[in-house]
1. Can you name the residue in the stretch B:166-188 that is in contact (Cβ under 8 Å) with a residue 60 or more places away in the chain and more than 16 Å from the chain's Cα centre (by Cα) and is also farthest from the other protein chains (Cβ to nearest Cβ) among such residues?
2. Within the group A:117, A:107, A:113, A:139, which residue is under 18 Å from the mean Cα position of the chain (by Cα), away from the ligand (no atom under 16 Å from the Cβ), under 30 Å from residue A:205 (Cα atoms) and away from every other protein chain (no Cβ under 11 Å)?
3. Just to be sure before I move on: is residue A:229 within 16 Å of the ligand (Cβ to nearest atom) and either modelled with pLDDT of 95 or more or within 21 Å of residue A:30 (Cβ to Cβ) (or both) in the structure I sent?
4. From (1) touching a residue at least 60 places away in the same chain (Cβ under 8 Å); (2) away from the ligand (no atom under 12 Å from the Cβ); (3) assigned to a loop (DSSP other than H, G, I, E, B); (4) buried (at least 24 other Cβ atoms within 10 Å of the Cβ), pick out the condition that doesn't hold for residue A:379.
5. Of the conditions (1) among the hydrophobic types (A, V, I, L, M, F, W, C); (2) over 22 Å from the mean Cα position of the chain (by Cα); (3) more than 8 Å from chain B (Cβ to nearest Cβ), residue A:59 clears all except one; give me its number.
6. Within the stretch A:384-413, work out how many residues are within 16 Å of the ligand (Cβ to nearest atom) and either among the aromatic types (Phe, Trp, Tyr) or away from chain B (no Cβ under 14 Å) (or both).
7. Out of the residues in the stretch B:134-154 meeting the condition of being of a type in the set (Asp, Glu), more than 11 Å from chain A (Cβ to nearest Cβ) and more than 13 Å from residue B:164 (Cα to Cα), tell me which one is least open to solvent (accessible area, probe 1.4 Å).
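The values are calculated or read from the model by the stated rules, or taken from the named source; none is laboratory data. The shown structure was predicted, so the numbers you read here are calculated from the model rather than taken from an experiment. Here the Cβ is made from the backbone with ideal geometry for all residues, glycine too, and neighbour counts use every protein chain on show. Note: areas computed on protein heavy atoms with side chains; ligands, DNA, RNA excluded. Shrake-Rupley method; radii C 1.70, N 1.55, O 1.52, S 1.80 Å.
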Amino acid sequence: MSGKTLYDKLWDDHVVHVDADGSCLIYIDRHLIHEVTSPQAFEGLRMAGRVPWRVDANLAVADHNVPTADRDRGIADPVSRLQVETLDKNCADFGITEFAMDDVRQGIVHVIGPEQGATLPGMTIVCGDSHTSTHGAFGALAFGIGTSEVEHVLATQCLVQRKAKNMLVRVQGKLAPGVTAKDLVLAVIARIGTAGGTGYTIEFAGEAIRGLSMEGRMTVCNMAIEAGARAGLVAVDEVTLDYLEGRPFAPAGALWERAVEAWKDLHSDPDAVFDKVVEIDAASIKPQVTWGTSPEQVVAVDAEVPDPATEADPVRRESMERALQYMDLLPGTPIGAIRVDRVFIGSCTNARIEDLRAAAEVVRGHKRAASVKQALVVPGSGLVKRQAEQEGLDKVFLEAGFEWRDPGCSMCLAMNADRLEPGERCASTSNRNFEGRQGYGGRTHLVSPAMAAAAAIHGHFVDITERGRA
Amino acid sequence: MKPFKKFTSRVVPLDRANVDTDAIIPKQFLKSIRRSGFGPYLFDEWRYLDRGEPDMDCSHRPLNPEFVLNLPCYAGARILLVRKNFGCGSSREHAPWALEDYGFRAIIAPSFADIFYNNCFKNGILPIVLDEATVDRLFSEAGPGFELTVDLESQTVATPFGETFHFDVDASRKHRLLNGLDDIGLTLQHADAIRAYEAARRKSAPWLFAVP
Ligand code: SF4
C-alpha cells in the first residue's frame, strides 16, 4: 500500500462517522467567526432552541465592516454597525471569546488566528469565509464554509463532507530577489486556472515553498481558493514551529513538547500518490500583475495585456473581451504603462508584518506620485500595527504620503468606507479582482506589497526586480 | 426546508461562464443580518442600471432592458441555465438565498464551484451538472416558451419533446432534498459518536482542547 498524503492524514484523523454513501462526519477543532456570515447562523441556532456544542472551540472577531480610521467615533454606517453589534451580542449570549473592535488583538480573522496560535498544525479549522484556506500553511486542514455550515459547526462541532482529491504543486528552485509568495501563487493560478483546483486539496511543496516564511506560506494558501481549491496545505517544519512557539493559544511546556512530537508526522509520505501533480520552476517566476477580472488573468510585469484574438477557446475569449472592456484596457498595452489612481496595501493575503516591511522598504525615502490619489496601508491586526509602529514603518509610510490605518478588511472588499469610485484603477495586494470587488465600477490589479508600493511611488506599474538593480 | 418536488418551468438562459457570487448578490447586501428577502437584488449590478443598496425598494429602479432576467418571457421561471464554474468566488450563502428567494429551484450548468454547489442543497436548490455538449444544446433551444421538467426522484431533466437527460447526485443529498430534512438534526443522531471521538482526542491530542 502506498503512503498517505498530508491531506489523507489530516482527514483520517478527523472522521467521526462514515455514511453508507461515503460522505463523512468530520470533527472541527477550531471555528473562527466574523460578523458577516454568522448572524443568520446564530439566529438559526436560537430558532431551533440549540446551543453551541463546544464553546471554547470558537473564536470571534469583527473585521469586514470595521472602520479603519477614527474608530473611537464608532461605526457610522448603520448596517455595518448592526452587524458588528449583533456579533458582540451573540458572543456575549453564548459565552464565545471575541476580540472586540477596541482590543489590540482585533484584526482580519485569517491574520489573528495564526498570530494568536489559535491555528495549530493537525487541526481542522473552518470559518464562514473562503480565505480560511490561509491556515493550511500550518499543516492544518482549513477551508471556508457557508452560513448554514457555520450553524452546523456551532451546533454539532462537525461537518458533513466528502473527501477531495489530492493535488501537489511542487515549486522547485529558488525565487529571484524581489519575487514574493504573492507572485508565486499568482503564477500557479495562471498555470492551472481559477477552476484548476476545483475538487482538490492542494499541497504546496518544493524548495521555494520550504524557503518561504510562515507569512509567505499563508499568502500562498490564502489564494488556493482562487485556484478553485477549498484548502491549501504546507507541511510542518522548523519554520512552522518557530512561528508558533510561545503564542497565547499555543500549547506550552510539556504539552508543547508532546504536540511537536505528533506534528512531526504532518507531511506527505515519500511514497504518497497524488491524483495530480503540477511542477513549477521558481526561477522562471517574475513579479505578477493581473490585467483582468479574474485572478487567472495575470501576466508578468514586463509583459503586455494579452489579445483576446489569439485565444482559441470562444468562452475564454469572450471573458477576456469582457474583462478588457471592464478594465478599460487595450490588448498590447505594456503592463508598465498602466497608471493607477489608488493603491491598497492590506487584506488577509498581504497585511502581515513581513508584507508591510517589504512595502516600506520600497517606499522609504520616496513620495507618493502626485497622480495617485490615495495609498492606503491597512495592517492585518492591531498587533501587526503595533509591531510595525515599533519598527517605525508607520513613519516611513506617512512621510511618503501614504495613509496608515487601523486593522480590518477595508478596501479588499469595500464593505466599510474604504472603496474605489467608479472607473478608478487600483494596485491592490488583496486576492480578488472581480468586477466591483473594491467598489462599484472599480478596477483592481492584484500585485505583491512591494509592487503595490512601487506603483504608488511611480504612478504606474514598475518591475520591482529591475528597480532594485537600478 | 420544503421537500423538493418534480416540476416543470420556463428556463432562463444566462449565457456567461464563471459567474461569481459577487455578481449573483453584490457585497453591499451581505450586511443584512436576515436570511430572506434577497430575491429582488439577485444579479443586482446586471439587472438594474443604478446601484443597489440594502433595503431599497426595487419596484421603481431602472431596469437593464438587455439583461435576460428582465425579459418578460422569462417571468416566473424556476430553472436557470448557465455556463461553467457557476457560483465561483466568495463563499457567501446569500447567493443561494437570493436565487431561492427569487424563485429558482434548479440550476443547470456544466460545472459549479464547490462551496456554492454545497450551499445549494442546504437551501432547497438543486444544482444539476450536465455535460458541456448538452448544455450547449439547451442554450441553442432555450428561448421564450421553452420549458424543462426537473425530476430529482428519477434524476432526470426532460424537454417537452420527451427527450430526457440523466444527472448524478449523491444519495444522501438527494434524500435530504427530497424530504426537506434539516442537516443539523441528522448530524445530532450521531451525538454519541461525536462525544466518543472527542473523549479519545482529549487523550491523544490534549493540546487541541487547551484554553489560554
Ligand atoms: S481581507 Fe478580504 S479576502 Fe480576507 S477575509 Fe477580509 S474581505 Fe475576505
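1. In this case the residue turns out to be B:179.
2. A:139
3. Spelling it out, residue A:229 is indeed within 16 Å of the ligand (Cβ to nearest atom) and either modelled with pLDDT of 95 or more or within 21 Å of residue A:30 (Cβ to Cβ) (or both).
4. Of everything listed in (1) touching a residue at least 60 places away in the same chain (Cβ under 8 Å); (2) away from the ligand (no atom under 12 Å from the Cβ); (3) assigned to a loop (DSSP other than H, G, I, E, B); (4) buried (at least 24 other Cβ atoms within 10 Å of the Cβ), residue A:379 misses just condition (2).
5. Going through the list (1) among the hydrophobic types (A, V, I, L, M, F, W, C); (2) over 22 Å from the mean Cα position of the chain (by Cα); (3) more than 8 Å from chain B (Cβ to nearest Cβ), residue A:59 breaks only (2).
6. Qualifying residue count, the stretch A:384-413: 6.
7. B:141
Yes/no per residue for (1) closer than 23 Å to residue B:73 by Cα; (2) more than 11 Å from chain A (Cβ to nearest Cβ):
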{"site": "B:117", "(1), (2)": "no, no"}
{"site": "B:132", "(1), (2)": "no, no"}
{"site": "B:158", "(1), (2)": "yes, yes"}
{"site": "B:164", "(1), (2)": "no, yes"}
{"site": "B:192", "(1), (2)": "no, no"}
{"site": "B:209", "(1), (2)": "no, no"}
